[in-house]
Amino acid sequence: LVTGVQTCALPICVFRESRAAYLWFKQQVQTRNITNDNILVIDFGSSTVDVTYHAESKTPIDKSYTTIGAQNVEEKILEWAISDANDSISNEERALLREFKADVEGRGWYQLTKLTTRMAKETFYNSTCPSVMEVTIKPRRITGNRNDRRSIEILIDNEVLNNDILSNYKEDIKTCFEDFKANHLQGRTISAIILTGEPLRWTLFPI
């Protein structure tokens, strides 16, 4: 920190979000009949999934899995949306989306549709009893043509989402958890599991 000509070093500590969740948990359990020892924290982020095991008075065990972040969900939904398996849109709309992806891959179309899909995903999973995910793509936001009033409505059934689109992704998540259990947890006991991240927010699962 620089103020005028004087430099002052401040004691700054940076914590993993999963460790911050652990500190929050310790405050909560003071009034609950749950031990604050042997806590497993799983942080579902956009780019990574971080797993941390906390044991009282011991160094936490951390592992980041960099290939299974939640952004994979949006990507798999988009892959399905422009595939022939998606019958919720017309052939003309599918061809238009494929054209956008081919022309501006990694720029306008991909980023805008990925953000739109993420918002639809969070709305869907925050619903009490979701049945259909609705993703609305407006081509005018991609082309810049304000006179373009078209909207492409992509409807994804819950069963299709879980059993077809995300089946491989869920297997990847399972594989990483099995790796942490076998190679890092190594038989240690767990008194509670905390899930953090969007759209999970703060969720406590005593076991």
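The mean of 1/r over all pairs of different alpha-carbon atoms in the stretch 32-129, once inverted, gives a Kirkwood hydrodynamic radius of 16.4 Å.
Using a simple spin-label model with pseudo-atoms 7 Å out from Cα toward Cβ, Ser90 and Ile173 lie 3.6 nm apart. Among residues other than Val49 with Cβ under 10 Å from its Cβ, the summed charge is -2 (Lys and Arg +1, Asp and Glu -1). Label positions at Ser64 and Trp24, each projected 7 Å from the Cα along the C-beta direction, are separated by 1.9 nm. Charged neighbours of Ala85, selected by a Cβ distance under 10 Å, balance to -4 (K, R count +1; D, E count -1).
For Arg188, no residue whose modelled amide H falls within less than 5 Å of its own remains once neighbours fewer than 5 places apart on the same chain are excluded. When each of the peptides 114-123, 127-136 is scored by the mean number of other C-beta atoms lying within 10 Å of its residues, the order from highest to lowest reads 114-123, 127-136.
For the stretch 57-100, what log10 I(q)/I(0) values come out of the Debye formula at q = 0.30, 0.32 1/Å, with one point per alpha carbon and no solvent? One equal scatterer on each Cα of the stretch 57-100 leads to -1.03, -1.10. At full extension, Arg149 and Asn126 could sit 5.4 nm farther apart than now, given 0.36 nm per residue minus the alpha carbon distance.
No lab work stands behind these numbers, since they all come straight from the coordinates. No experiment lies behind these values; they were computed from the predicted model shown. For neighbour counting, all protein chains shown are included, and Cβ atoms are generated from backbone atoms with ideal geometry for every residue, glycine included.
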